[in-house]
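Worksheet: one structure, shown below.
The values are calculated or read from the model by the stated rules, or taken from the named source; none is laboratory data. In this text the structure is predicted, and so the values were computed from the model without any measurement. Cβ: placed from backbone, ideal geometry, glycine included. Neighbour counts: every protein chain shown.
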Amino acid sequence: MKNNRFVKTQIATSLSIAIGAFAAPIVAHAADEAKDVEVIEVTGIRASLIKSRDLKRDSNGVADAISAEDIGKFPDTNLAESMQRIAGVSIDRQNGEGSKVTVRGIPPEMNLVTLNGRQMPVTTGNRSFDFANIASEGVSGVVVTKTGDASVPTGGIGSVIDIQTHKPLSHQGTKASFGVKAVADTSTEDGSITPELSGLYSYTDEDGKFGVSVSASYQKRESGNAQAQVGTGWRSFPGTADTDWSGTNATWGGVAKDSTQTNRPADSDIYSVPQTTIYKFEEQQRTRTNAQLVLQYRPIDSVTATLDYTMMQNDIDVQHNDISAWYNFGTSENVWSDGPVATPLIYSEDYPSASPADLSMARGFSANRHESSSIGLNVEWQVNSDLKLELDVHSSDASRTPNGQYGSAANMSMAAFVRTRAATDFTGDRPILAVDGSENVQWSDMRVTGSTFGNSQDASDVSQQQVNGSYVLDENSSIDFGVSLTSVSNHSQAINVQRNDWGGMGVDQPSIFTEDMFPVDSIQDRFDTSGGNFNGLSGDMQAIDRMFVWDFEAIRAIAAEAYTTSAGATPGDCGNLFCPSTNYGGDTDRFTEENSTAVYAQYNYDGEMAGMYYGLHVGVRWEDTEVESTSIVTARDGAEWVSANEVILGDGGRVFQTQTGGYDYFLPNINFNLEVTDDVIVRAAYSQTIGRPNYADIQGGTVVGSLARTSGANGSAGNPNLLPLESTNLDLSVEWYYSETSYMSFGLFKKDTQNYIANVEENSTIYGIANPGDGAKYNEARLALNTTDAVAIRDYIFANYPNDPYVDVANGIITGDPATDNIMNVAINVPTNNDRKTPIDGMEFSIQHLFGETGYGVIANYTAVSTDLEYDVMNLEDQPVLTNISDSANLIAFYDLDGFQARIAYNWRDEFLASRYQGDVGPSPIFVEAYSQIDFNMSYDVSQVEGLTVFFEGINIANNFTRTHGRAEKQVLNLTETGPRYNFGARYSF
């Protein structure tokens, strides 16, 4: 009957893929009643696009796909960078490489990523999958399902992204592909060329009963970046806030209402001041190894068993140097932008010449190994012509562990106390820092200050059992059904060895260091972006342009012998504070287990109305989830004010907590597909979906760090009883498949979300710690001096209370006095559900067009996403608004003919809100500015050697940079320059 048209299309597509997903034999056309199919041999870009088009056309709902062009040849070296070509998909980049994906404005953690339909473990703290960990050579395709489907695993509100790997029984005979590539990354100071090697071998016996495939890849990449930051954020105030402590509006960080402020913000404005300015330079080495073994056995035509093992390992080592000036919010002279959100175009502070502030120069390292492995068994059984059953079980694990001698992350600071004045010009793209005294800094001025040596590790395990089935009721209808049991455990551990002597130690340091330990490097010439020149500021300020890139190991070793362990600080494994500790039980240790049961049923019907064929899919999925979290965290007691900006909290011992939570949902879906003509399909869909809370959010226990400020401490706590984000989804799309290679689609979508998870800052007096920076002595000094300058206040207390038992003049420590000081406030960030409904509306447009047999083609798409709940930059409180909402567009032109292929891609994403929190300043936005990137690749099939292809690729060839800002564009938070990357190599297939 003609009303089987959709079923026949699916069969044709499956046959096309089964015959050769990489060599791409394509079923061109099948008459409604005919049994013969015409097979046309198509390869390369054209083959990939035809497969993707067919998968999109034959999906139950709204979906898009990317397919490999040939065996071992995915369109890009990074899966995320390929996926950004799909309408509605935009990516986050880490060090110039695609890392995580956002779909239709839904952030990465709300898009479920599966590997061959299986939920995978992650160690990112949230549920987002890092695509940088998986190589593309062993991937045959990626399918992005955007509408709800009862048979699809739950957890993706924006989409479910399934990564599909190679299966040997999908091909006949022996096939293999081997590739070698040289990578030249212009961002690295090293300048070296690094290798990439890959190979895939597939064998199927003559009977098509047994198959084996092996794939492996090795990639080594050297890269770097240059950053300019206001790393700890911008502190924001109402325009009424000032520095007059005899009045009622004085606040730490406020600015005066006098002639020192040019265009000073009005009372009705809000204004922000920077906490610091940093130049940071990173070098990164990444070594990624992937491998997969797949065994398939088909003893009879109705049974296929697949056993597969996948492993991924990614070693990432980072070294950085930075130079920074921390603003103490003392006497300042500023030039302001106009309101209502006022920003200092130039911010400057003066410091007493008798006690100059520090110019910090730090060095640091991080070294982490990311590992993941998965073993799975899948058995498909066509019981009879009506019933098909599938059993799928897998056990997967992932871990992130320290991989260096200094732990997972280490930072050691030195400083020269020469800063009598500092200023930052924010008028350009890049902030320009000037420091009086920096031009004459000598190596002998440098002092060892604070340091941290941290160890942290995460482990995640997923055990999943799934039974799926399909039963044909009659020639028009069928029912899909299944049940799955999923257990996810996450174990997070961390311990930090921290020495908080940020004011410098008392040892005569020049006598123990030598000049050769302090090589000099330049600063400004390492950036391509420009900034301002301090016009409008009194005095002559020049951009800082030299820094010491001092010898970390030599100075660390000398310092470890020269300095004794600070009181109350826990040493590392080496016995001092200059190495990491592996005593994870001595600090933070969290374990969470999440068990889910899912049952689904979906009714499918193919019919005809008014001469048009249609498919109807009605389903429901029931999910029940239980959460248990056990945590061991460090309590805090006592507070020591050790320097102008640092208050150190003592170790109050370990606290043990167990918390539980849970939820269950019925999630319905309806997908309706109408074939208006042979070429035009209209789709309508309704579904309810959930996005589970991040793993870090459901970890119980309150964590308060050892470092606080006089204004208070900060902490965080998890909430195992969080509910998932709920979304009610509507989709309507029209797709026109006007040739075997080309199509055009237009879609509208709407998502009504609720239970949005936001961090709520709860003020607490947990631990009852007396704050030495908030009490009788502090207030007396502040009023006497009419200033909040921390250095001046500390000097006053030392001078006037030399014999007070809570004042240690010799060591520069003021301890909290329970009798006279107020209890320290601890601002604890706790994730909670907000029941306000937030709608997300959007549209998608896509076109894929090949210009006949010319070889030329174009792919273009545009997605617009909006919500009526946007961040209000005039509101200084936290706001329950969605992040990651933005428009995106892609434009790709390509050529594929006679063995020559070329492609150039332009990718763009509009500005979006990435976070509602900045550093340690509390609620304040981080906006990622609009970004575009141009990539290209070209290849040539060498006619003299069959199967040999040479290629050349370029990534970010326009050398674009990324930039984030706060409440206003001038409030830059981070500017990162990476630079272009070029790959050239060869691939051989047979």
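Find the residue count for segment 370-410, including only residues that are more than 28 Å from N133 (Cα to Cα) and either within 28 Å of the chain's Cα centre (by Cα) or free of Cβ contacts under 8 Å to residues at least 12 places away in the same chain (or both).
The qualifying residues number 1.
Of everything in segment 32-69, what is modelled with pLDDT under 50 and either assigned by TED's automatic domain parsing to the domain that holds Y686 or outside any strand (DSSP E or B) (or both)? Give them in sequence order.
Answer for segment 32-69, where residues must be modelled with pLDDT under 50 and either assigned by TED's automatic domain parsing to the domain that holds Y686 or outside any strand (DSSP E or B) (or both): D32, E33, A34, K35, D36, V37, E38.
Please enumerate the residues belonging to segment 174-205 that are in a loop (DSSP other than H, G, I, E, B) and touching a residue at least 24 places away in the same chain (Cβ under 8 Å).
Across segment 174-205, the qualifying residues are T186, S187, T188, E189, D190, S192.
Go through S268, S246 for me and flag whichever is under 38 Å from the mean Cα position of the chain (by Cα), assigned by TED's automatic domain parsing to the domain that holds Y347, surrounded by fewer than 16 Cβ atoms within 10 Å (Cβ to Cβ) and polar (S, T, N, Q).
None of the other options fit; the residue is S268.
Scan segment 979-990 residue by residue and report those that are under 22 Å from S932 (Cβ atoms) and either without any contact (Cβ under 8 Å) to a residue 12 or more places away in the chain or assigned to a strand (DSSP E or B) (or both).
Across segment 979-990, the qualifying residues are R981, Y982, N983.
Conditions (1) at pLDDT 85 or above; (2) buried (at least 22 other Cβ atoms within 10 Å of the Cβ); (3) not in a loop (DSSP other than H, G, I, E, B), marked per residue:
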position	(1), (2), (3)
E109	no, yes, yes
T114	yes, no, yes
T124	no, no, no
S128	no, no, no
A132	no, yes, yes
A135	no, yes, no
G141	yes, no, yes
V144	yes, yes, yes
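Which one of these does P802 not meet: (1) over 22 Å from S332 (Cα atoms); (2) touching a residue at least 24 places away in the same chain (Cβ under 8 Å); (3) not aromatic (F, W, Y)?
(2)
For a quick check of your reading: which strands (runs of 3 or more DSSP E) sit entirely within segment 909-978 and have at least 3 residues that are at pLDDT below 95?
Qualifying strands (runs of 3 or more DSSP E): 912-918, 922-928, 931-941, 948-955.
Identify the residue in segment 938-968 that is free of Cβ contacts under 8 Å to residues at least 60 places away in the same chain and under 26 Å from the mean Cα position of the chain (by Cα) and, among all such residues, is nearest to W336 (Cα to Cα).
Going through the qualifying residues, I end up with H965.
Inspect all residues belonging to segment 374-397 and state whether any of them is out of contact with any Asp or Glu (no Cβ under 6 Å at 6 or more places or on another chain), aliphatic (A, V, I, L, M) and buried (at least 21 other Cβ atoms within 10 Å of the Cβ).
Within segment 374-397, not a single residue is out of contact with any Asp or Glu (no Cβ under 6 Å at 6 or more places or on another chain), aliphatic (A, V, I, L, M) and buried (at least 21 other Cβ atoms within 10 Å of the Cβ).
Kindly indicate which of A409, A434 is within 30 Å of S348 (Cα to Cα) and in the same structural domain as I278 (by TED's automatic domain parsing).
From the options A409, A434, the qualifying one is A434.
Can you tell me which residues in segment 330-347 are surrounded by fewer than 21 Cβ atoms within 10 Å (Cβ to Cβ), touching a Ser or Thr at 6+ places or on another chain (Cβ under 9 Å) and more than 17 Å from G531 (Cα to Cα)?
Once the filter is applied, which keeps residues that are surrounded by fewer than 21 Cβ atoms within 10 Å (Cβ to Cβ), touching a Ser or Thr at 6+ places or on another chain (Cβ under 9 Å) and more than 17 Å from G531 (Cα to Cα), segment 330-347 yields G330, T331, G339, P340, V341.
Given the conditions (1) touching a residue at least 40 places away in the same chain (Cβ under 8 Å); (2) over 30 Å from Q699 (Cβ atoms); (3) of a type in the set (A, V, I, L, M); (4) surrounded by fewer than 20 Cβ atoms within 10 Å (Cβ to Cβ), and given that A560 satisfies all but one, which numbered condition is not satisfied?
It fails just one condition, (1).
Filtering segment 340-352 down to residues that are of a type outside the set (F, W, Y) and over 33 Å from the mean Cα position of the chain (by Cα), which residue is modelled with the lowest pLDDT?
P352
Using the structure shown, decide if A362 is touching a residue at least 60 places away in the same chain (Cβ under 8 Å), closer than 27 Å to G504 by Cα, assigned to a strand (DSSP E or B) and not hydroxyl-bearing (S, T, Y).
For A362, the condition - touching a residue at least 60 places away in the same chain (Cβ under 8 Å), closer than 27 Å to G504 by Cα, assigned to a strand (DSSP E or B) and not hydroxyl-bearing (S, T, Y) - is not met.
Give the residues of segment 155-173 that are of a type in the set (G, A, S) and touching a Leu at 6+ places or on another chain (Cβ under 8 Å), sorted by residue number.
G155, G156, S159
Among the residues of segment 83-103, write down those that are within 25 Å of I681 (Cβ to Cβ) and at pLDDT 80 or above.
Within segment 83-103, M83, I86, A87, G88, V89, V103 qualify.
I'm checking my understanding of the structure. Among residues of segment 206-251 that are part of a strand (DSSP E or B) and among the charged types (D, E, K, R), which one is nearest to V379 (Cα to Cα)?
Among those residues, the one meeting the criterion is K220.
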